[in-house]
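Have a look at the structure below before the remarks.
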């Protein structure tokens, strides 16, 4: 008869012959436990949907107010007239909302992608620096052992890279939006 596994307090199971508990999760050197391509894809889609929701909501509201102001001099007087008025207003609102929502979604997804690309670049730069490369030798990583570079990059995935990427992305956005004050 096979030995049955008995649950323990830590949520792991042990066999009578095995005294080491199995871990509940595995640790990953990547951020969020995902590879870079999965993270940037998730961030881009999330940023697009957030930008689309916010942009379409705001633009739709402004479009409905604009429609109301443009048609204030000819308000309908019958029930079918009011139905057609609101139907036209909703189509006008939806068209403006979708157009602006796509613009804002793409804009926000692009900036989120810039942030993640800069963050990964800073991680790789710091990792190659930790692996023994100096600034004068930063032309390529061919001659370094890949294991040293990989362990250096894994060790550099921390808040410093995220903070630097945030500051660089903020500076780029500020320069792009012309918010530089001297």
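The values are calculated or read from the model by the stated rules, or taken from the named source; none is laboratory data. Everything numeric in this text was worked out from a predicted model, so none of it was measured. Counting neighbours? That spans all protein chains shown, and the Cβs are built from the backbone with ideal geometry, glycine included.
Within the stretch 5-60, if we keep just the residues that are out of contact with any helix residue (DSSP H, G or I) (no Cβ under 9 Å at 6 or more places or on another chain) and closer than 20 Å to residue 158 by Cα, the residue that is modelled with the lowest pLDDT turns out to be 28. Would the stretch 93-107 turn up any residue that is on the phi < 0 side of the Ramachandran plot, at pLDDT below 95 and buried (at least 19 other Cβ atoms within 10 Å of the Cβ)? Scanning the stretch 93-107 turns up no residue that is on the phi < 0 side of the Ramachandran plot, at pLDDT below 95 and buried (at least 19 other Cβ atoms within 10 Å of the Cβ).
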